[in-house]
1. Being more than 14 Å from the chain's Cα centre (by Cα), surrounded by fewer than 17 Cβ atoms within 10 Å (Cβ to Cβ), hydroxyl-bearing (Ser, Thr, Tyr) and assigned by TED's automatic domain parsing to the domain that holds ILE157 narrows it down to one residue among THR49, THR123; which is it?
2. Tell me the strands (runs of 3 or more DSSP E) entirely within segment 60-169 that contain at least 2 residues that are in contact (Cβ under 8 Å) with a residue 60 or more places away in the chain.
3. Quick one: would you say THR73 is among the β-branched types (Val, Ile, Thr) and at pLDDT below 80?
4. Counting only residues that are surrounded by 17 or more Cβ atoms within 10 Å (Cβ to Cβ) and within 19 Å of the chain's Cα centre (by Cα), how many does segment 87-109 have?
5. Checking the condition of a type in the set (S, T, N, Q) and under 20 Å from TYR151 (Cα atoms), which residue from SER98, SER91, SER64 passes?
Amino acid sequence: MYVATGAKPDSRLGRLWKEKVVDSSFARSGGLQARLVEDQDKVIHHHLTVEPLKTIDGKVLDNSLLPLMLPFTASRVRAVAEKIVRCLHFSLFGMPMSSRSTLEVDVVPLTDSEWQLLLTQRTGGVGDYNEFVFRRERTGDHSSRWLMAFYELHAFIVTVKNMSQRGGS
């Protein structure tokens, strides 16, 4: 299970996370809302009674961040990242990505040089405070690599292969 958490609650990024991710997720349909609440309760219970959750750098997650947590399955995270890349491709090139394209999502931390490229030479960003930034790199005639980050906290690399020649790669 992949758990997304926001920045410190009293920070600008923490407020944005709560408003645009947590609150908007719980404003969905009744069934989805009930599942999100149940899943969130399970993760909080696990953190408080079984084993504390840790950040990617091994630090125990502070209890003050528990209300900002949303649990997601890895498959859902990958599906959303793939959909984002397909939508960004359409936005950049004005045509859908080839249905023959394969997308591979990696959720490992970006290297320092990848972060530097993403933040200083990005292809685009979304939000008043660039809550989402992305960089598209062409890696071959029919392939590309997308670096994406949300709130400067959660990063993904999506590698696209076997793209048609139409609409770039």
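1. THR123
2. Where strands (runs of 3 or more DSSP E) fall fully within segment 60-169 and carry at least 2 residues being in contact (Cβ under 8 Å) with a residue 60 or more places away in the chain, they are 70-72, 143-150, 154-161.
3. The answer is yes for THR73.
4. The number of residues fulfilling the criteria is 4.
5. From the options SER98, SER91, SER64, the qualifying one is SER64.
The values are calculated or read from the model by the stated rules, or taken from the named source; none is laboratory data. Bear in mind the structure is a predicted one, so any value in this text is a computation, not a measurement. All Cβ positions, glycine included, derive from the backbone under ideal geometry; neighbour counts span all protein chains shown.
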